[in-house]
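This report concerns only the one structure given below.
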Amino acid sequence: MRFQYPLVVAVAVLAAAGLILLYVMSARRRARALAGTGLRTARPRRDALRRHLPQVMFLTAAGLLLLAVARPEATLPVARSAGTVILAFDVSNSMKATDVAPSRLAAAKTAATEFVQAQPDSVSFGIVAFDQGALTTQNPTDDHEATTAAIKRLQVNGGTSLGQAILASLTVIVGHPVSLPAQDSPQPAPELGYFGNATIVLLSDGEDTGGPDAVAAAGLAAKAGVRIQTVGVGTVDGATVEVDGYQVATSLDEDMLTQIAQTTAGSYHRAENAQALHDVYQNLDLRLTTERKPVELTGAAAAIAVLLLTIGGILMTTWFGRIL
């Protein structure tokens, strides 16, 4: 334990010692006065406890209040949400569907904005927008206002490649391009290192229309310690959207999103309406890290002192009908 004002500690010790000395001297004078009148009788231990306990509480509280003035602090392990979160948004044409009002993408953007704003500065956010390809629209930053601005700029376009979305998110996390070897290549999957404080939140209706193998890409993420939380935006019954003058049916593919999440020990979350999507964000499992940092104990010392004063006052009033 440390004190921001160590000299005050010496003053507090001297003051507390003086108060204790005064109390002991006062108790002895009172005992001698009673003995001089001939009224003193042997008191049982229980009566002695009653007589001294409230005063001991008052003296202890006074000492704690004096120590609180010295601003004590200790280095303690503190759990916090920290690390890097990549929000990977499906911006394919199917995200125009209105089975989640006002549209799948619009609802996802609104809930994501609220989620970002609710996180502490210790969490950095990156944004990846994906359709048939993927584009990093913002590198990880703790500037949450910049993150929400990037989310609001997202627009629908093209097909869907979940595998490309995962690889692009990993690229942002590790800091260099990440790709899968060709299926018939003897080359092993690349070694990315370990990024246990990184999470990918993949928001999509799950309809994969091509590109790298999504499950293989998820396996690469798992090997790097990156967890993928998948959020299914849409309904199983689905809806139709107009693409290049054609009506195209689209529905939620939960199996693919579940398989991706489970590959990385993450979770799949269904969001069939705007409120459900909001609830999903509130329950996303971000990584908790423990960091040792100085914690000021002034408030704790003052709170204990006030508690002791309160209990001592109650005991004095109950036992003797007065406070002092």
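The values are calculated or read from the model by the stated rules, or taken from the named source; none is laboratory data. Note that this is a predicted model, so its numbers are computed, not measured. Reconstructed Cβ throughout: ideal geometry from the backbone, glycine too, with neighbour counts over all protein chains shown.
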Options 101, 106, 149, 165; residue that is part of a loop (DSSP other than H, G, I, E, B) and not acidic (Asp, Glu): 101
Matching residues in the range 242-265 - criterion: being polar (S, T, N, Q), surrounded by fewer than 17 Cβ atoms within 10 Å (Cβ to Cβ) and modelled with pLDDT of 90 or more: 259, 262
Near pairs, Cβ below 8 angstrom, 6+ apart or cross-chain, from the range 310-324 (within 20 Å of residue 60 (Cα to Cα)) to any residue that is at pLDDT below 70 and assigned to a loop (DSSP other than H, G, I, E, B): 313/323; 316/322; 316/323; 316/324; 317/323
Counted residues, the range 201-212 - those being surrounded by 19 or more Cβ atoms within 10 Å (Cβ to Cβ) and either assigned to a strand (DSSP E or B) or among the β-branched types (Val, Ile, Thr) (or both): 4
Count of the range 286-315 residues which are at pLDDT below 80 and touching a strand residue (DSSP E or B) at 6+ places or on another chain (Cβ under 7 Å): 10
Pair list, Cβ < 9 Å and 6+ apart or interchain, from the range 186-210 residues that are on the phi > 0 side of the Ramachandran plot to residues that are assigned to a loop (DSSP other than H, G, I, E, B) and modelled with pLDDT under 85: 206/160; 210/132; 210/159; 210/160
Residue in the range 252-264 that is within 25 Å of residue 106 (Cα to Cα) and part of a loop (DSSP other than H, G, I, E, B) present: yes
Options 224, 239, 198: the member that is surrounded by 24 or more Cβ atoms within 10 Å (Cβ to Cβ) and either at pLDDT below 90 or under 17 Å from residue 265 (Cα atoms) (or both): 198
Tabulated pairs, the range 91-102, first more than 16 Å from residue 130 (Cα to Cα), second crowded, with 19+ Cβ neighbours inside 10 Å and among the charged types (D, E, K, R), C-beta under 8 angstrom, 6+ apart or interchain: 97/104; 97/205; 98/104
Scope the range 140-157; condition within 15 Å of residue 109 (Cα to Cα) and either buried (at least 18 other Cβ atoms within 10 Å of the Cβ) or of a type in the set (A, V, I, L, M, F, W, C) (or both); matching residues: 144, 146, 147, 148, 149, 150, 151, 154, 156
Number of the condition not met by residue 175 [criteria: (1) free of Cβ contacts under 8 Å to residues at least 24 places away in the same chain; (2) more than 18 Å from residue 139 (Cβ to Cβ)]: (2)
Number of the condition not met by residue 34 [criteria: (1) in the same structural domain as residue 142 (by TED's automatic domain parsing); (2) at pLDDT below 80]: (1)
